[in-house]
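Novice: Here's a structure for you.
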Amino acid sequence: MKPEIDPHSGQETTGHEWNGIKELNHPIPRVFSLWLWASILCAAILWVLYPSFPGYHQVLGGVLGYSSRGAVNDAVIKGQEQRAEAYAKFAQEDYETLLNDPALKATYQDEIGVLFRDNCAACHGRNGQGQLEFPNLRDDHWLWSADPEEIQYTLQVGINADHEDTRMAEMPPFGRDEWLEQADIDHVIEYVLQISNQPHNAEMAHLGETIFEENCAGCHGDAGHGGYENGAPSLTDTAWIYGSSRADIADTLHNGRRGVMPAWSGRLSESEIRQITMYLMWWAD
């Protein structure tokens, strides 16, 4: 069948018509045809060179053996090597040398701050000031001393964590396990309020002092000043992790406490643990 010629343009038509409007049979411009075939050729080359079609067990790897996962892993390893080189002094120098380097804090504090916030801020807060049930890291109240070596060790093994050498610290449930009568617990509460300079019943506090010495001083020390050896906090200051009200103290004595600090060995490198240790020491300056 001979193609119809449009009388106005002299072009062949496709035979399609919409409401009296006929479609002209214009050929695709040559440049677009060339672009299409070039794209097909390029795609075919890429299919051969790079991973493309799924195979029986895995994607066909391509003759170049490229892997995006491998490229990412290589980039991560390279970044770790560069960071290890940049922070080598944290792994090599002792803490006394690091603390006496005036340029170290200005150079590294902001970057190590990112490491702290990524791993520690969820519990201790972005600025390390703690929250209910998690201690403030910016004051001078430390359960296992403020020596950098002790801070590093706590970061490594954790507290009540799953590490075989973890530090252990637990407040027994004197009320729940019926270690003390409720009347004795009430007396101890008033004594703790007294030594922490809070409103209290003096007569009950006097009776509670003896009960405290017999049941609590072994961990918290005479007069409740705490001790670095067992992680028992001082009860005479204002650094209360679980609250210092009469109701809070009663809850602690009845139900006990067993907070957990994760062990970071195996999660962070030893250099990163030392960096966070230094970050905490810089806060104390």
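The values are calculated or read from the model by the stated rules, or taken from the named source; none is laboratory data. All values derive from a computational prediction rather than experimental measurement. All Cβ positions, glycine included, derive from the backbone under ideal geometry; neighbour counts span all protein chains shown.
Novice: Mind listing whichever residues of segment 203-249 are aromatic (Phe, Trp, Tyr) and not in a helix (DSSP H, G or I)?
Specialist: Step one: filter segment 203-249 for residues aromatic (Phe, Trp, Tyr), giving 212, 228, 240, 242.
Across segment 203-249, the qualifying residues are Tyr228, Trp240, Tyr242.
Novice: Could you list, in sequence order, the residues of segment 115-157 that are of a type in the set (Asp, Glu) and under 23 Å from Thr238 (Cβ atoms)?
Specialist: Result: Glu133, Asp139, Asp140, Asp147, Glu150.
Novice: Every residue in segment 250-281 that is over 30 Å from Leu104 (Cβ atoms) and part of a loop (DSSP other than H, G, I, E, B), please.
Specialist: Result: Gly256, Arg258, Gly259, Val260.
Novice: While we're on this one: Of the conditions (1) touching a helix residue (DSSP H, G or I) at 6+ places or on another chain (Cβ under 6 Å); (2) surrounded by 17 or more Cβ atoms within 10 Å (Cβ to Cβ); (3) closer than 24 Å to Thr277 by Cα, Gly175 clears all except one; give me its number.
Specialist: Exception for Gly175: condition (3).
Novice: Which pairs have Cβ atoms under 8 Å, sit 6 or more apart or on different chains, and link a residue in segment 261-285 that is in contact (Cβ under 8 Å) with a residue 60 or more places away in the chain and closer than 21 Å to Thr166 by Cβ to one that is in a loop (DSSP other than H, G, I, E, B) and of a type in the set (Gly, Ala, Ser)?
Specialist: Correct list of pairs: Met261/Gly158; Met261/Ala161; Pro262/Gly158; Pro262/Ala161; Ala263/Gly158; Ala263/Ala161; Trp264/Gly158; Leu280/Gly128.
Novice: Still on this structure: Using the structure shown, decide if Glu133 is within 16 Å of Ile273 (Cα to Cα), among the charged types (D, E, K, R), at pLDDT 90 or above and in the same structural domain as Leu280 (by TED's automatic domain parsing). Full working, then the answer.
Specialist: Working: within 16 Å of Ile273 (Cα to Cα): no; among the charged types (D, E, K, R): yes; at pLDDT 90 or above: yes; in the same structural domain as Leu280 (by TED's automatic domain parsing): yes.
Spelling it out, it is not the case that Glu133 is within 16 Å of Ile273 (Cα to Cα), among the charged types (D, E, K, R), at pLDDT 90 or above and in the same structural domain as Leu280 (by TED's automatic domain parsing).
Novice: Still on this structure, I have one more. How about segment 137-149: which of its residues are in contact (Cβ under 8 Å) with a residue 60 or more places away in the chain, surrounded by fewer than 19 Cβ atoms within 10 Å (Cβ to Cβ) and out of contact with any Pro (no Cβ under 9 Å at 6 or more places or on another chain)?
Specialist: Arg138, Asp139, Asp140, Trp144, Ser145, Ala146
Novice: Looking at Gln109, Gln92, Gln129, Gln156, which one is out of contact with any strand residue (DSSP E or B) (no Cβ under 6 Å at 6 or more places or on another chain) and within 22 Å of Val260 (Cβ to Cβ)?
Specialist: Details: Gln109 fails: within 22 Å of Val260 (Cβ to Cβ); Gln92 fails: within 22 Å of Val260 (Cβ to Cβ); Gln156 fails: out of contact with any strand residue (DSSP E or B) (no Cβ under 6 Å at 6 or more places or on another chain).
Exactly one residue qualifies, and that residue is Gln129.
Let's see how each residue does on (1) touching a residue at least 40 places away in the same chain (Cβ under 8 Å); (2) touching a Lys or Arg at 6+ places or on another chain (Cβ under 9 Å); (3) more than 27 Å from Trp144 (Cβ to Cβ); (4) not assigned by TED's automatic domain parsing to the domain that holds Asp140:
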site	(1), (2), (3), (4)
His187	no, no, yes, yes
Gln198	yes, yes, no, yes
Leu207	no, no, yes, yes
Asn215	yes, no, no, yes
Gly218	no, no, no, yes
His225	no, no, no, yes
Ser234	yes, no, no, yes
Asp237	yes, no, no, yes
Ile249	yes, no, no, yes
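Novice: Examine segment 61-80 for a residue that is assigned by TED's automatic domain parsing to the domain that holds Ile273, within 16 Å of Ile276 (Cβ to Cβ) and out of contact with any helix residue (DSSP H, G or I) (no Cβ under 6 Å at 6 or more places or on another chain), and state whether such a residue exists.
Specialist: Scanning segment 61-80, I find no residue that is assigned by TED's automatic domain parsing to the domain that holds Ile273, within 16 Å of Ile276 (Cβ to Cβ) and out of contact with any helix residue (DSSP H, G or I) (no Cβ under 6 Å at 6 or more places or on another chain), so the answer is no.
Novice: Which one of these is modelled with pLDDT under 95 and within 26 Å of Thr154 (Cβ to Cβ): Ala239, Ala263? Talk me through it step by step, then tell me what you get.
Specialist: On the way: Ala263 fails: modelled with pLDDT under 95.
Exactly one of Ala239, Ala263 is modelled with pLDDT under 95 and within 26 Å of Thr154 (Cβ to Cβ), namely Ala239.
Novice: Would it be correct to say that Ile112 is under 30 Å from Glu229 (Cα atoms), touching a Leu at 6+ places or on another chain (Cβ under 8 Å) and in a helix (DSSP H, G or I)?
Specialist: Here the answer is no, as Ile112 does not meet what is asked.
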